[in-house]
Amino acid sequence: MSVAASLVFGICGTFLLVGVLILLAAGHRQDSAVDRSLSHALRRGDAGHAQSGLWLFVLPGEGCGTPADAPAGFPRRGSMQTVATYGGTLEETVSGNGTVYRVRTERFGTEVRQAVLDERRQRQDRRRWAAGLTGGALATLIVAVSVSAAAARRAIDPVAELLALRRRFVTDASHELRAPLTRLHTRSQLMLRGADDLSEPIASELRRLAASTRELGEVLDDVLRAARLRSGAPERERIDLVPVAAELLAAEAGRLAERGLSAVLWTGAEQHQVLGVRTALRRVLSALVDNAIGHTPAGGRITIRIATVDDGRTVELTVRDTGVGFDPARHPEVFERFARGAGSRGYGIGLALTREVVESHGGTITAAGRPGRGAHLTVRLPAAPPVSDASARRNQRFVRAL
């Protein structure tokens with residue numbers, strides 16, 4: 001719509017500019033014609049018979065040379081006396097009798113002549129020109145808006161159709177994925193029922209498999225929610241990032257062991273709660289850890305640190321690795337879609353989506369690192385406001401009632 005609006009304003013602006021220039025040129029021609037009429041009348045000493053609305057007064061002369069049809073208030077004797085005494089030419093614009101007069105007084109030898117021209121006709125012409133210009137501008141504006149609106153609709157229709165196709169594709173694909181994912185989650189749950197007969201490592205892996213399938217189901221729910229363009233945003237809750245990070249590391253234990261990596265979680269004794277959507281924040285942690293695992297060679301170490309900073313106003317989450325790192329000059333590129341990292345592995349869209357999720361929660365994410373010396377990514381989120389004593393007591397009574 002901005003292009004259409006620019007087109008409308010451009011057309012109207014051009015029309016108005018041309019119209020104003022024409023109006024100014026016509027007005028200048030009128031002024032020149034008035035000047036010529038006054039000059040001719042003064043030089044001839046006669047108002048003439050063809051020019052209506054023009055009178056000439058002469059001093060000295062009988063009755064001051066006053067014509068019989070002279071308008072009331074003329075001649076202007078004071079002006080004529082001034083010119084008779086000091087000479088020169090005196091120009092005046094006088095309003096009266098429901099119109100405007102142009103008056104020029106000039107001395108010729110022993111006579112003082114005063115020419116008076118009624119500008120009624122000229123001013124009427126200017127009003128008609130202005131009205132025509134205004135009407136033309138409005139008509140041009142209406143036509144330009146109509147044409148621009150039609151052009152905008154024609155330009156937007158393919159985009160809207162493309163968005164509709166994309167939403168249908170996402171919805172259909174999500175529904176197609178839901179059925180096998182539901183079966184996989186159900187089978188993992190059924191296998192967990194007989195976990196007492198299995199060894200602990202296998203039972204532990206089954207529990208992680210069930211948790212992963214549940215998480216993937218939540219991701220599909222979010223995708224469907226976005227595809228349906230629901231107006232209401234997901235309800236936010238108080239989330240402690242420490243349990244979320246601990247669950248994620250437990251779920252990634254098998255992959256960490258397979259790649260020969262170690263991981264550690266450092267936290268303080270205080271609460272690290274933020275207001276947000278649990279599934280979205282879990283995906284943020286998952287993307288950061290996945291990025292660290294993908295860029296850290298065997299024998300490396302991944303450290304997750306969660307702390308409260310800024311006097312408790314901010315929760316800071318840092319994921320640090322001892323991997324290949326990246327050039328400091330490329331720090332801003334890390335969060336671009338399909339940015340290339342060191343080696344053949346790129347960053348994909350995981351970190352780009354992570355930044356979008358973090359910013360939607362009112363936070364920031366930054367990256368730092370050096371080639372061969374690892375990297376660390378830092379997420380800063382507003383801390384959840386402290387719970388009042390009254391709310392805490394209500395929650396305590398509720399827990400006891402349960």
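The values are calculated or read from the model by the stated rules, or taken from the named source; none is laboratory data. Remember, it's a predicted structure, so these values are computed and weren't measured experimentally. Quick reminder, even Gly has a Cβ in these numbers, built from the backbone with ideal geometry, and neighbours come from all protein chains shown.
Residues that are at pLDDT 85 or above and among the hydroxyl-bearing types (Ser, Thr, Tyr) number at least 2 in the following strands (runs of 3 or more DSSP E) confined to segment 59-156: 89-96, 99-108. More than 23 Å from ARG236 (Cβ to Cβ), at pLDDT below 80 and among the small types (Gly, Ala, Ser): does that describe ALA342? Here the answer is yes, as ALA342 does meet what is asked.
Quick check on VAL379: is it modelled with pLDDT under 90 and buried (at least 20 other Cβ atoms within 10 Å of the Cβ)? No, not satisfied. Among the residues of segment 263-312, the ones that are surrounded by 18 or more Cβ atoms within 10 Å (Cβ to Cβ), in a strand (DSSP E or B), more than 30 Å from the chain's Cα centre (by Cα) and among the small types (Gly, Ala, Ser) come to 1 in all.
Yes/no matrix, rows are residues, columns are (1) in contact with a Ser or Thr (Cβ under 9 Å, 6 or more places away or on another chain); (2) assigned to a helix (DSSP H, G or I); (3) modelled with pLDDT of 85 or more; (4) outside the structural domain of ARG76 (by TED's automatic domain parsing):
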{"position": "PHE15", "(1), (2), (3), (4)": "yes, yes, no, no"}
{"position": "LEU23", "(1), (2), (3), (4)": "no, yes, no, no"}
{"position": "GLY27", "(1), (2), (3), (4)": "no, yes, no, no"}
{"position": "ASP31", "(1), (2), (3), (4)": "no, yes, yes, no"}
{"position": "SER39", "(1), (2), (3), (4)": "no, yes, yes, no"}
{"position": "HIS49", "(1), (2), (3), (4)": "no, no, no, no"}
{"position": "SER52", "(1), (2), (3), (4)": "no, no, no, no"}
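Restricting the first member to segment 161-183 and to residues that are in the same structural domain as GLU215 (by TED's automatic domain parsing), and the second to residues that are at pLDDT 65 or above and among the β-branched types (Val, Ile, Thr), the beta-carbon pairs closer than 7 Å and six or more apart or on different chains are LEU181/THR213. In the set (1) of a type in the set (Lys, Arg); (2) in a helix (DSSP H, G or I); (3) modelled with pLDDT of 70 or more; (4) under 30 Å from LEU275 (Cβ atoms), ARG187 fails one condition alone, (4). Within the bounds of segment 218-228, is there any residue that is surrounded by 15 or more Cβ atoms within 10 Å (Cβ to Cβ), at pLDDT below 90 and under 24 Å from ILE302 (Cα atoms)? Checked segment 218-228: no residue is surrounded by 15 or more Cβ atoms within 10 Å (Cβ to Cβ), at pLDDT below 90 and under 24 Å from ILE302 (Cα atoms).
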